[in-house]
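The values are calculated or read from the model by the stated rules, or taken from the named source; none is laboratory data. Remember, predicted model here, so these are calculated numbers, not experimental data. Positions of Cβ are backbone-derived with ideal geometry, glycine not excepted, and every protein chain shown enters the neighbour counts.
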Amino acid sequence: MRTIVNVFHQLGRWCEPVIEAMIRLCGISAIIFVFGIFFFVFREGMGFFFGGLDIVEFLTSPEWYPTSVNNKRYGVLALIAGTFSVTVLAMVIAVPFGLGAAILRRRSKSSSSYSQRFRLSCGVSSV
């Protein structure tokens, strides 16, 4: 038994620095990849931002045709309106169910098996 503990202790001495180095390498590579993405997006969009961006048309136009060969148009009004409508619809559906579940949980007896299963399901959905 004593020799197994010694083997694991010696294994940990050289294994731990290797694992730490691998974690550091993963972290550094993630940072490099994020900077690479920022560089690529900035490089590709630099001509558009400094050359032909009309901010009023960009924010108020509902047309979005970025792949048009002759007349590329970028307008985010339709995208913003769609995002807002989906958010409002999700809240209209989710808020009454959430409030109902909270009221039901508060009014139920805490010792019943139903209440315990209900608490578990509330915890799982919040994750």
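A few notes on this one:
- Restricting the stretch 38-68 to residues that are surrounded by 10 or more Cβ atoms within 10 Å (Cβ to Cβ) and among the β-branched types (Val, Ile, Thr), the residue that is nearest to residue 79 (Cα to Cα) is 60.
- For the stretch 52-73, the candidate set comprises residues that are acidic (Asp, Glu) and out of contact with any strand residue (DSSP E or B) (no Cβ under 7 Å at 6 or more places or on another chain); within that set, the residue that is modelled with the highest pLDDT is 57.
- Selection within the stretch 74-127 - touching a helix residue (DSSP H, G or I) at 6+ places or on another chain (Cβ under 9 Å) and either within 30 Å of residue 57 (Cα to Cα) or modelled with pLDDT of 90 or more (or both): 74, 75, 76, 77, 80
- The residue list 38, 49 contains one member that is modelled with pLDDT of 90 or more, part of a helix (DSSP H, G or I) and either among the aromatic types (Phe, Trp, Tyr) or out of contact with any Cys (no Cβ under 9 Å at 6 or more places or on another chain) (or both), which is 38.
- Of all residues in the stretch 62-106, those satisfying the criterion of being within 26 Å of residue 49 (Cα to Cα), β-branched (Val, Ile, Thr) and in a helix (DSSP H, G or I) are 80, 83.
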